[in-house]
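K.L.:
I'd like to ask you about the structure that follows.
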Amino acid sequence: MSHLAGYAYDALQSLRPEQVTFLQDRPKAELHAHLNGCIPISLLKEMAAERLASRSSDDPPFSDDVREGIERLQNGASLNELHDFFGLFPAIYSLTSNPDNLGRAARAVLQQFLDPTPEAPPQAAYMELRSTPRETPAMSRLKYIQTVLDEVEKYPSERCALIVSLDRRMKPEVVEECVENAIKLKQEGRRVVAVDLCGDPTAGDMNTIEKYFHRAKAAGLGVTLHIAETKANTLDDTLKLLSFAPDRLGHATFLGSKEQDFVRNSKICVEICLTSNLLCKTVEKLEDHHIQHYLKYDHPVCICTDDTLAFRNTLVAEYALLMAAAPLGLGLTEAEITRVAEMGMQSRFKQTPLPN
Ligand code: 6MZ
């Protein structure tokens, strides 16, 4: 809790102790959390200190930029727009570029969501951790996924699974490699449940990677897509992504009313990241947030943290934003919050084995 700050902190602080207990006790699913965006700052600092003390030849250079990046994270990076956010990752990536540190990072993130603390039950009853496979001098993309899976599978299957993220900036052949790896691992009985599309919302050509999402879907993997996350996302981009037949959508902040109707009629769950949207300034005020639209129609949503390291939030604090009275929160009743938590649990990807 010590890293908690900002909107989420204020909302949580405004609640009475029994309200916090109520939120803690709801079985909640975390379905939208990026591994490298959720590493505890204490572990990141520990890894930075180790790197400075003994550099391995496999490690990328530890530059001033990296040191500055970690300081920004430590002090609560100020984000004027979404692009400032993506600038935080080179520092983090330079520290999680070998299997050992990646495994430690995955372990710490899973613990943060899934383990109880002396004061509180686990933040999440169930978690789908997501991460983008990276090739580094010390590991292949396949090894990357296997390393994260090794940590995910230390928990029982009813507690967590892995989503393989595909970055919009990836070359088509890299997207293909990652999708084929995800399918292969799933066929081996490993706990990969879906693929995700993430990264800089305006990068990449979705036409060139469309076929790999259809391939993932046909092979039994779920599909979730970051969609219409910024004003700069075009209608063509949104329509193309909807044609991938996604099971869930991340953010979906700037959908037009026709596309919102399509999402509602297709019952596609929307992964909602309140603090993330407020801090990246894609939503100005909580009361303007598109969650209101989906709540009105009792449409499936899932409340998620996105990146706890950068946004200094927790899953319970995101629910506090639903519960706290205006202007700190949306003032939902306990019954409404219970319903939202249930919708999240019902939106988990299935872990059915694949046909051969
Ligand atoms: C789009 C995001 C994101 O995959 O290396 N990522 N992509 N929108 C967001 N909303 C704020 N938050 C995180 O985790 C970090 C990567 O997740 C994506 C970015 O591509 C980031 O580099 P992994 O574990």
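Computed from the coordinates by the stated procedures, all read-outs in this text should not be read as laboratory data. Given the structure is predicted, the values throughout are model-derived calculations rather than measurements. All Cβ positions, glycine included, derive from the backbone under ideal geometry; neighbour counts span all protein chains shown.
K.L.:
Go through segment 156-166 residue by residue and turn each phi into a ³J(HN,Hα) via Karplus (6.51, -1.76, 1.60, θ = phi - 60°); whole Hz please, and just put x for glycine and proline.
P.N.:
x, 5, 7, 9, 6, 8, 10, 10, 8, 8, 10
K.L.:
What trypsin sites (Lys or Arg not before Pro) in segment 130-198 are in a loop by DSSP, with at most 14 other Cβ atoms within 10 Å of the Cβ?
P.N.:
Lys154, Arg169
K.L.:
Go through segment 303-356 and name the trypsin sites (Lys or Arg not before Pro) that are in a DSSP coil and have 12 or fewer other Cβ atoms within 10 Å of their Cβ.
P.N.:
Lys350
K.L.:
How far is it, in nm, from the label point at Thr21 to the one at Tyr297 when both lie 7 Å from their Cα along the line to the Cβ?
P.N.:
Placing both labels 7 Å along Cα→Cβ, they lie 3.8 nm apart.
K.L.:
Also, I was wondering about something else. What shape does segment 299-356 take by its C-alpha gyration tensor, where a ≥ b ≥ c are the square roots of the eigenvalues and a/c under 1.5 counts as rounded, a/b above b/c as prolate, and the rest as oblate?
P.N.:
Here segment 299-356 falls in the oblate category.
K.L.:
Classify the chain from the C-alpha gyration tensor, please: rounded if a/c falls under 1.5, else prolate or oblate depending on whether a/b exceeds b/c.
P.N.:
rounded
K.L.:
Report the chymotrypsin sites (Phe, Trp or Tyr not before Pro) located in segment 233-324 that are in a DSSP loop and have at most 15 other Cβ atoms inside 10 Å of their Cβ, or state none.
P.N.:
Answer in residue order: Tyr297.
K.L.:
Further question on the same structure: Reachable lysines from Lys296, Cα under 28 Å, same-chain residues fewer than 8 places away excluded?
P.N.:
Lys296 reaches Lys28, Lys231, Lys240, Lys258, Lys267, Lys281, Lys285, Lys350.
K.L.:
Let me ask something additional. Rounded, prolate or oblate, given the Cα gyration tensor of segment 136-259, with a/c below 1.5 counting as rounded?
P.N.:
Since a/c reaches 1.5 and a/b is larger than b/c, the shape of segment 136-259 is classed as prolate.
K.L.:
Within straight cross-link reach of Lys143, meaning Cα distance under 17 Å, which aspartates and glutamates are found once same-chain residues fewer than 8 apart are removed?
P.N.:
Result set, ordered by chain and number: Asp58, Asp59, Asp100, Glu135, Glu151, Glu153, Glu176, Glu177, Glu180, Glu188.
K.L.:
Separate question: What does the helix-only formula give at 222 nm for the chain: each DSSP H stretch with n ≥ 4 adding -39500 (n - 2.57), the total divided by the residues, and the result rounded to the nearest 500 deg cm²/dmol?
P.N.:
Result for the chain, helices only: -13500 deg cm²/dmol.
K.L.:
Where in the chain is the longest stretch that carries no GluC sites (Glu not before Pro) classed as loop by DSSP and with at most 13 other Cβ atoms within 10 Å?
P.N.:
189-283
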